[in-house]
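Data first, discussion second: the structure below is written as structure tokens.
Every read-out reported here was derived from the displayed coordinates using simple, explicitly stated rules and does not represent laboratory data. In this text, all values refer to a predicted model and were calculated from it rather than measured experimentally. Methodologically, a virtual Cβ is constructed for each residue, glycine included, from the backbone with ideal geometry; neighbour enumeration extends over all protein chains shown.
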Amino acid sequence: MLSEELNDLIHKANIPEQLKTYFRESNEAKLYLNVDMLSEIEELYTFYNALYYFDETEFSSYTISSLKRGSEVVAYYYYLKKILDSNLELISKDQRFYKNNKSIFDFKIDRSNLDKMFGKVSREFAQNVDYFYKNQYDEINILKTYLLLGKLELISSIIDDEYYSDIYNSGRVVIANKIEELDLKFYIRKHND
């Protein structure tokens, strides 16, 4: 049975709930957990939780395993930290990342950079399409034109902007119509190594 003091400290500790449950309900927990080790676990959890997103169940599992393997109290902090650093998947809480409401990690989108990129790609795409209208067929790089169209589609999908979607869809229709009008046929040859 855990001491009343340790049981109270577990209840108040800043550690994952599943780890608290394990410490309170496990018969083995009383064999290896003490106040100093609980303090070290709480300190490491606070450190990781402040800087990273991570799976709290994995954190708890590695913590329990490290306690069962045993370590001297004076070295426990470094022992557990080494195990966590080696095994726990950490994702930075840097401003470029965020955890959405479905607990999935996403990148934050810098709208102004994507707007600039969309403008640059759409101008380059328009120049390539213009070669069709000017009958400058030697200047047409159809692969590049399709790659630019793909970039327009990707950016408009990321931003989910109706104006960008309209530009992409217009570009797609123009290319399809010009290819059909000119009766161009494309053959893809498989490269043999």
Practice task
Mind sorting 82, 178 by how few other Cβ atoms lie within 10 Å of their own Cβ, fewest first?
Solution key: 82, 178
Handout entry: Charge context of residue 165, other residues only, Cβ under 13 angstrom, K/R +1, D/E -1
Key = -4
Exercise for the section: Compute the separation of the alpha-carbon centres of the range 31-70 and the range 119-143 and state it in Å as a whole number. Expected result: 59
Problem - Length-normalised contact order of the range 1-95 in % [C-alpha pairs under 8 Å, at least 6 apart] - result: 31
Problem - Rg/Rg_ref, the range 4-95, where Rg_ref = 2.2 N^0.38 Å and atoms are Cα - result: 1.03
Completion exercise
For the range 147-157, in residue order, the Karplus 3J(HN,Hα) values (coefficients 6.51, -1.76, 1.60; θ = phi - 60°; whole Hz; Gly and Pro = x) are 5, 5, 4, x, 5, 4, 5, 4, 5, 5, 6
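Note the direction-averaged projected area, equal to a quarter of the hull surface, for the Cα convex hull of the range 111-181, in nm².
4.4
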